[in-house]
Amino acid sequence: MAKAKPITGLDPQAPTGKNARLIAKERLEEIYTWDRYVDHPYHIQELHNLRIAAKRLRYTLEVFEDVLPEACKPIIKELEQIQEELGALHDSDVMIALLRLCLGSQDSAIHPEQLQSDGETQPKKGKSLVSPELVAVLLEPTVAPSAGERYGLEQYLQMQEQLREKQYTTFRQHWYSLQARDFRREILDILDA
Amino acid sequence: MNNMREQSLPVRAAIDIGSNTIHIVVARCSPQDLDILEDQVELVRIGESVTATGEISQQKCRAAIAVLNRYKTLAEKYGAHPIFVVATEAIRQASNSASFLEQVQRETGLTVQVISGNAEATLTFYGATYEVSREPGAPAQIGVMDLGGGSLELVTAKNMHITWRTSIPIGSGWLHDRYLSSNPPSYDELTVAEAFLQTYFQGVRIKRRLPVLIVTGGSANSLLLLVHHAFKLEVHRNQLTERDLVRCQGLLSALTAEEVSERYHQPLERARILLAGALIIQAVMSRLHLTEIRISPHGIREGVLLAYERYGEHWLEIVSQSAALPNHQQQAEFQPGVSTVKAEEPFAQSGRHMLLERTRKFLEWPKEVLKHEDVEAVHKMRVASRRLRATLDAYESCCDPQIFKKVYRQVKRAADALGAARDTDVMLLNLHAQLEHMKSEEQAGMQWLIARLETFRQQKQQELETFLHTLDEDKLKKQVESLIPEGVAANGKS
């Protein structure tokens, strides 16, 4: 994800508390530019961007915790949880891509680059789930996995895919529980208090 | 304790207001030992209303005050002085905690001290280990977990000196309210809660394996009681095994809370959250590769009494200071809020000192990372780099664009190098954790992958070290000092 959007319209002489609220609101809006992807379990990059946006709001609230209302603390916890859930999902996506890479490259004509995403969405240029240097280490021909090792990798891939399903369900359920209580409004109300 | 000496010891009382319970201990106290005269607990579940609405409801407030008044009378009956009252996660989190504390003071005359998660972990450690520390052959490495209603505190220690601690915002009441609200919980709820815990604890960084883990808190003690009743465990046994917990889970997911309460003599409110407690303990055991834990009935209250005897009137300050020491070995997570900012302070002015403070925190880590002794140093430096970037992002509009670009590029390079190393560490940690659960014929594949990732990790360490050796700390500090020009900080014009 690109660098955070610069916040415009901040008065350097305005009270820190006032500007902190403006920054937090901007970061909140960034989260909601990605929320339409919550129902798309394999929009890996967009879900990752949602995580980064949640992380940016969390850090903003933490950095300015002295000047923001106490009620931001439970919000920080919720954001931390979203970040954890999406982080675990992303870790699984990386591991799945990596395992497919190890397994796919040995027995098919598929180019390794095609194995770096889940197959439904192609990562953008420069956004591969697995870095080219790691691909080189994994596909080092002199250390290719044996048949026995491949069996273990296949089993682990299956486990990881099942875990990902659960992780996605956990995140989605949490996200919808937040929407049910109008999380966005809740944060705005706290910041406006 | 010697009986003569015991009688001359002062009687004190300590009350803790937790997310689930309000608990009192009255004891004759010495710095190393306690003779407990009273130990009572009431399940008030203040955390329930905090989780639901963010604040302590009037109903919960009244219930808490009634219990506190009763406890005060009880303590006074023993001539206990002082009566300490500490509050933890639910009160820390409640948006109306100030008015709650004021109402308690007004209606009971008791002053409640809200303590930090780290102070809570330290006090619990004192309380949970004071008996073990006197046993012959006490283990050198030991861990203590306090499973509360709203949070979980985990401490590790070597030779009874705390080496690491963390406070995790997951407790039995919280997990129940969030994931297991049906009675009994449905299969789907159980699956999602387990997946959440597995995911969450995989992400918790724990430095070393522990031979002994002592678990305290109401849920842990109630589970022990349940096992005694339901599975006829020997009365004096205070250990719970993985198998015991699996059996508890089966039983608690099959029966309603009312049935559990009636059959196994558990308060109904406790019976409701016991399954959540069992799942959390299982998740932690799995993360720590433990097959057995010890349960202690002692915790924060006993810790408060011991701390007072050891440190006198300033006990809480001393415990809080030691808990907040910027010691890399002790802090599990980077603590936010490094510098105090006033709400009315001009933005550019606060930016100058916040950026410097964040830079200083960021630069605390290169030496630790270069030692290459502790994978957590990489994680912590990465977190420090993220917080510095978040601060840079916030103050970008006040900064000199050219200098900003240079500083930002440096910090981003550091974050990228740290990220590549850390992400590989996390993959390796997860693979090692999974390895034990794989069948032997499946392990070869995992070991192959671990070997490849370790090769890659070594490459990344070399790159990281090269970067850190070239990082000119003084130059970075000077650049950060000049990021927000004096003119902007003084009058808002660049």
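Just so it is clear, none of the values below were taken in a lab; they were calculated from the coordinates. Quantities reported herein were computed from a predicted structural model and do not represent experimental measurements. Note that we place each Cβ from the backbone using ideal geometry, even for glycine, and neighbour counts take in every protein chain shown.
Taking only the alpha-carbon atoms of the protein assembly as shown, what semi-axes of the equivalent ellipsoid follow from 5 times the gyration tensor eigenvalues under a square root, in whole Å, largest first?
Square roots of five times the eigenvalues give 42, 33, 24 Å.
When peptides B:426-433, A:68-75 are ranked by their average number of other Cβ atoms within 10 Å per residue, the highest-first order is A:68-75, B:426-433. From the P(r) of chain A, could you give the percentage of C-alpha pairs in the tail past 20 Å? For chain A, the share of Cα pairs beyond 20 Å comes to 61 percent. Taking every alpha-carbon pair in segment A:25-103 and binning the separations at 5 Å intervals from zero gives 3, 15, 23, 21, 14, 10, 6, 4, 2, 1, 0 percent.
Approximating the spin labels as points 7 Å out from Cα along Cα→Cβ, the residue B:318-to-residue A:193 distance works out to 3.7 nm. The helix-based estimate of mean residue ellipticity at 222 nm for chain B, built from -39,500 (n - 2.57) per DSSP H run of four or more residues and divided by its residue count, is -19000 deg cm²/dmol to the nearest 500. Residue by residue along A:72-85, Cβ atoms of other protein chains within 10 Å of the local Cβ number 3 on average.
Helix A:44-63 and the long axis of chain A differ in direction by around 40°, with both axes built from C-alpha atoms. Within 10 Å of the Cβ of each residue in B:179-188, the mean number of Cβ atoms contributed by other protein chains is 1.
Do me a favour and compute the ellipsoid semi-axes for chain B from its Cα gyration tensor, root of five times each eigenvalue, largest one first, whole Å.
41, 30, 22
Extents of segment B:115-238, taken as max minus min of Cα coordinates on every principal axis and listed largest first, are 45, 36, 28 Å. For segment B:381-393, the Karplus equation 6.51 cos²θ - 1.76 cosθ + 1.60, evaluated at θ = phi - 60°, returns couplings of 5, 5, 4, 4, 5, 5, 5, 5, 5, 4, 5, 4, 4 Hz by residue, with Gly and Pro reported as x.
Think of each Lys and Arg Cβ as +1 and each Asp and Glu Cβ as -1; about the Cα centre, that makes the dipole of chain B roughly 980 debye. Projecting the Cα atoms of B:49, B:21, B:99 onto the charge dipole of segment B:3-116, computed from C-beta unit charges around the Cα centre, puts B:99 farthest toward the positive end. Straight-line cross-link reach from residue B:475 at under 27 Å between alpha-carbon atoms covers these lysines, not counting any fewer than eight positions away in the same chain: A:3, A:5, B:361, B:367, B:371, B:380, B:405, B:406, B:412, B:460, B:493.
With 10 Å bins beginning at zero, the pair-distance distribution over Cα atoms of segment B:164-225 amounts to 17, 42, 36, 6 %. Given the -39500 (n - 2.57) contribution per DSSP H run of 4+ residues, what per-residue ellipticity at 222 nm results for chain A, rounded to the nearest 500 deg cm²/dmol? Dividing the helical sum by the residues of chain A leaves -22000 deg cm²/dmol. Averaged over the residues of A:155-167, the number of partner chain Cβ atoms lying within 10 Å of the residue Cβ comes to 3.
Can you work out D for segment B:59-104 in µm² s⁻¹ from Stokes-Einstein, where Rh is the Kirkwood radius over C-alpha pairs, the temperature is 4 °C and the viscosity is 1.567 mPa s?
110
Projecting the Cα atoms of B:383, B:482, B:214 onto the charge dipole of the protein assembly as shown, computed from C-beta unit charges around the Cα centre, puts B:482 farthest toward the positive end.
Charged side chains reduced to their Cβ positions (Lys and Arg at +1, Asp and Glu at -1) give the protein assembly as shown a dipole of some 1100 debye around its Cα centre. Placing a label point 7 Å from the Cα of residue B:188 along the Cα-to-Cβ direction, the residues of segment A:160-189 whose backbone N falls under 20 Å of that point are A:162-181.
Its Cα centre serving as origin, segment B:345-491 has a Cβ charge dipole (Lys and Arg +1, Asp and Glu -1) of approximately 400 debye. Positive-end ranking of B:82, B:415, B:291 along the dipole of chain B, with charges on Cβ about the Cα centre, is headed by B:415.
The angle between the Cα long axis of helix B:347-362 and the longest principal axis of the Cα atoms of chain B comes to about 80 degrees, rounded to the nearest 10.
Counting only DSSP beta bridges whose two residues both lie in chain B, roughly 70 percent are antiparallel.
Compactness check for segment B:345-491: Cα Rg over 2.2 N^0.38 Å is 1.31. Phi-derived couplings, Karplus 6.51 cos²θ - 1.76 cosθ + 1.60 at θ = phi - 60°, listed residue by residue for segment B:406-420: 5, 5, 4, 4, 4, 5, 5, 4, 4, 4, 5, 5, 5, x, 4 Hz, with x used for Gly and Pro. For segment B:3-116, the Cα-based Rg and Dmax, in that order, read 14.8, 52 Å.
Close amide-amide hydrogen proximity is noted between residue B:44 and B:21, B:22, each under 5 Å apart and 5 or more residues distant or on a separate chain (H modeled in the peptide plane; Pro and chain starts excluded).
With coordinates expressed along the principal axes, the C-alpha atoms belonging to segment B:177-284 extend over 41, 35, 20 Å, beginning with the largest.
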